[in-house]
Amino acid sequence: MTGAELLVRSLEAEGVDYVFGLPGEELEDILFALEDSSIAFIPARHEQGAAFMADVYGRLTGDAGVMLGTLGPGATNLVTGIADAYLDRAPAVAITGQGGRARLHKESHQVIDVPAMFEPITQTTMQIADPEIIPEAVHRAFNVAEYEKPGPTHIEVPEDTAAASVEGAPVPTTRRRPLPHPPAGALDKAADLLNAAAAPVAFVGNGAARMNAAETLRGLIGRTNIPVVSTYMGKGVVSDRAPQSLMTLESGPNDEAATALGRADVVVAIGYDLVEHHPADWNPDCTPAIVHVDSTPAESDAHYTPTVELVGDIDATLAALDDRLNDAIGPAWLSTLRASIETHLATPPDPDASFSVTGTLPILRSAMADDDILISDVGSHKMAIAQQFPTHEPDTCLISNGLATMGIAVPGGIAASLVTDRNVVTAMGDGGFLMNAAEIETATRLGLDYTIVVFNDYDFGLISEKQKEHTGARFGTRLTNPEFTALAESFGITAYRPETWGELEAAVAEAVPADEMSLIEVRLLPDS
């Protein structure tokens, strides 16, 4: 067989269902090998979109999403999506083509050192100089990408490697290696700290969702009554209906989550990644003891110095810790903070007020089942979604908050729609929407049926807010836009532009469960 055929057989052995990417001349052998395989090749409209698809696929499934790009500009266009997967801990494998090996030692058309470029944003990067090593390289790429903590890996395949004749077979897939369990002494020490605490608080992050710790954590929290604060990427591990939930850091009418962390004498950080929220923001005085529960040791930071580190399988660690904790050790003030949040969430928007993101979120929430998926793009709307969109199941409110990159929502919706039968809603600002709006064509070509909500304020709104907060003025943020409904209809999808809250509610109720693509434009008043 050819190297390309061996590559594709190795991808099949790893259980790959989809490859997201763009065609390229140097990918010819790989593309025709994919055509003869069980793998669906999804041609995207831009490599960044393909990378975001692989990124979101990895976050939702736990299996590495696969992206494909050609040499030179094809590879450089993958960078943002790969970096997002790197900081959001999403398993992904990037495959790039390359020119023939005979011209890689010198200046040559479209040739750049792609492995060197990807090295800082991947777990590992490899060039396949010999077709015989393809099975081992593919197996290693998936093992590294999917092992805790997961992230992207990269394989570069020169075109002559892909075309070369080779004998071989895929490396047999193996079960993912189990993580260790923390020693009993460390568990005892952590339990002693929490049982003696006057105000323990759980701070729940991305790792808890990624490692399927929700059921165990919910049992522990329900029995102990410890308040729970989530990071943006930990939303839904503990349902926001739970009386212990104080939603996310920086949420609530008076930021009850930050209040709880400020009062805490012991913080048990569960799957918390420092890349999401700098610890100096929630632990400025370094007063609480910290119990670190994660798959890897704590990152070094002056404001995050754990008293105890419980390193290993998060779910198993929580089960062992639960066996050692007393009942009802949570503080008495939890109910007061929780009541404040409940009152705030129950307050409907003024029917005479202009459209707002915060007013739209209850309408979206009421139209979506607990296990439906909301994918947020990045901008001022992301802050509102993170803080005021109640989330009840893990991985049902996806937010990029490591790299925090605009443009992820439209392509992310494609990946979500491919892997689930649930309703999918993507929410974005006008700035982020136009970055990857072309992927609507990809979605319609695939016959997908998710809903796009565009908050249109003719501005890079979050940057405007920051500029005015810092200087009292803004610069370089104003936008002009096309007619979004006409743009949507040109792709053949249903478009709505409601004028009243009632029309918005009706549009959402119709669009979210529909078996077709749709776009809802929510026009916000441009900020003065």
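I'm told M406 meets every condition in (1) in contact (Cβ under 8 Å) with a residue 40 or more places away in the chain; (2) in contact with a Gly (Cβ under 7 Å, 6 or more places away or on another chain) except one. Can you identify the failing condition by its number?
(1)
If you scan the stretch 411-430, which residues turn out to be over 18 Å from the mean Cα position of the chain (by Cα) and open to solvent by less than 10 Å² (accessible area, probe 1.4 Å)?
Matches in the stretch 411-430: D430 only.
Does R338 satisfy the criteria of being open to solvent by 50 Å² or more (accessible area, probe 1.4 Å) and either touching a strand residue (DSSP E or B) at 6+ places or on another chain (Cβ under 8 Å) or of a type in the set (K, R) (or both)?
Taking the combined requirement at face value, the residue does not satisfy it.
I'm trying to understand the selection: among the residues of the stretch 344-353, which are open to solvent by 90 Å² or more (accessible area, probe 1.4 Å) and free of Cβ contacts under 8 Å to residues at least 60 places away in the same chain?
P348, D352
Provide a single number: the residues in the stretch 147-157 that are modelled with pLDDT of 95 or more and either out of contact with any Phe, Trp or Tyr (no Cβ under 7 Å at 6 or more places or on another chain) or of a type in the set (D, E) (or both).
Counting residues in the stretch 147-157 that are modelled with pLDDT of 95 or more and either out of contact with any Phe, Trp or Tyr (no Cβ under 7 Å at 6 or more places or on another chain) or of a type in the set (D, E) (or both) gives 5.
Looking for whichever is out of contact with any Pro (no Cβ under 6 Å at 6 or more places or on another chain) and exposed (fewer than 13 other Cβ atoms within 10 Å of the Cβ) here; the options are P200, P178. Which one fits?
Only one candidate passes the filter, namely P178.
Do we have R45 as in contact (Cβ under 8 Å) with a residue 40 or more places away in the chain and surrounded by 24 or more Cβ atoms within 10 Å (Cβ to Cβ) here?
So R45 does not fit the description; no.
Only one of these is touching a strand residue (DSSP E or B) at 6+ places or on another chain (Cβ under 6 Å) and either modelled with pLDDT of 95 or more or of a type in the set (A, V, I, L, M) (or both): V311, V267. Name it.
Answer to the check: V267.
With in a loop (DSSP other than H, G, I, E, B), open to solvent by less than 70 Å² (accessible area, probe 1.4 Å) and not acidic (D, E) as the only criterion, which of T296, T317 stands out?
T296
Checking the condition over 28 Å from the mean Cα position of the chain (by Cα) and hydrophobic (A, V, I, L, M, F, W, C), which residue from A198, A202 passes?
Going through A198, A202 in turn, the sole match is A198.
Select the helices (runs of 4 or more DSSP H) contained entirely in the stretch 393-463, then report the ones holding at least 2 residues which are in contact with an Asp or Glu (Cβ under 6 Å, 6 or more places away or on another chain).
Hits in the stretch 393-463: 409-419.
Given T76, T61, which one is surrounded by fewer than 24 Cβ atoms within 10 Å (Cβ to Cβ), of a type in the set (V, I, T), at pLDDT 95 or above and under 25 Å from T173 (Cα atoms)?
Only one candidate qualifies: T61.
Select from the stretch 464-485 the residues that are in a loop (DSSP other than H, G, I, E, B) and not hydrophobic (A, V, I, L, M, F, W, C) and list them in ascending order.
G472, R474, G476, T477, T480, N481, P482, E483
Mind checking which residues of the stretch 389-416 are under 20 Å from N77 (Cβ atoms) and β-branched (V, I, T)?
T405, I408, V410, I414 - these are the residues of the stretch 389-416 that are under 20 Å from N77 (Cβ atoms) and β-branched (V, I, T).
Do you know which residues across the stretch 448-467 are open to solvent by 60 Å² or more (accessible area, probe 1.4 Å) and free of Cβ contacts under 8 Å to residues at least 12 places away in the same chain?
K466, the sole residue that qualifies.
Consider A169 carefully, then state whether it is over 16 Å from T70 (Cβ atoms), in contact with a helix residue (DSSP H, G or I) (Cβ under 8 Å, 6 or more places away or on another chain), among the aliphatic types (A, V, I, L, M) and open to solvent by 60 Å² or more (accessible area, probe 1.4 Å).
yes
What tally of residues in the stretch 440-456 results from selecting those that are aliphatic (A, V, I, L, M) and closer than 23 Å to F41 by Cα?
The total comes to 4.
The values are calculated or read from the model by the stated rules, or taken from the named source; none is laboratory data. Since this is a predicted model, take the numbers as computed values, not measurements. Note: ideal-geometry Cβ built from the backbone for every residue, glycine included; neighbour counts use all protein chains shown. Side chains are part of the model used for accessible areas, which takes the heavy atoms of the whole protein and leaves out ligands, DNA and RNA. Shrake-Rupley method; radii C 1.70, N 1.55, O 1.52, S 1.80 Å.
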